[in-house]
Amino acid sequence: MDINEKDVERYLVALSHKNKILTFKLVSPNQSGVPDRIVIAPNGALYFVELKRPGQQPRPLQQSVFAKLRNYGHPVYVIDNKDIAKRFIDDIVLKRRP
């Protein structure tokens, strides 16, 4: 069974909702390359997340935008499978709760 980007995204969103973590789809009509999701933890921590199908890497424009976000102090994560999505929620988002 092939897993695509939408499968990974749905899993991340479902796991987030289960853990009372907000996820918003990020759409920026005038700016290409922005991450797919903003993830906000209950403690206010904010993360940008780009979803990909397994093995796919961000395009050069995306990498440039991600670098700008990181330079401004905002973490950007690229998630390309369900295991990484689960680790992101468990090890990054949930461990930083107050």
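How large, in Å, is the chain by the Kirkwood hydrodynamic radius built from its alpha-carbon pairs?
13.7 Å
Sort the following peptides by mean Cβ neighbour count (other Cβ atoms within 10 Å, averaged over residues), highest first: 63-70, 34-41.
My ranking of the peptides, most packed first, is 34-41, 63-70.
Given the rule -39500 (n - 2.57) for each run of at least 4 DSSP H residues, summed and divided by the residues of the chain, what is its mean residue ellipticity at 222 nm, to the nearest 500 deg cm²/dmol?
Rounded to the nearest 500, it is -10000 deg cm²/dmol.
Run down the aspartates and glutamates and flag those whose C-alpha is under 13 Å from the C-alpha of LYS6, throwing out any fewer than 8 positions away in its chain.
In chain and number order, the partners are ASP36, GLU50, ASP80.
What's the ranking of 71-78, 51-58 by average number of surrounding C-beta atoms within 10 Å, highest first?
51-58, 71-78
Using the Cβ atoms and a cut-off under 12 Å, what net charge is assigned to the surroundings of GLN57, where Lys and Arg are +1 and Asp and Glu are -1?
With Lys, Arg at +1 and Asp, Glu at -1, the neighbours total +1.
At a 10 angstrom cut-off on C-beta neighbours, averaged per residue, how do the peptides 26-32, 79-85, 3-9 rank from highest to lowest?
Numbers: 26-32: 8.7, 79-85: 18.0, 3-9: 15.9.
Order by mean packing, descending: 79-85, 3-9, 26-32.
Each value in this text was obtained by applying a stated rule to the coordinates, not by laboratory testing. What you see is a predicted model, and the numbers here were worked out from it, not measured in a lab. Counting neighbours? That spans all protein chains shown, and the Cβs are built from the backbone with ideal geometry, glycine included.
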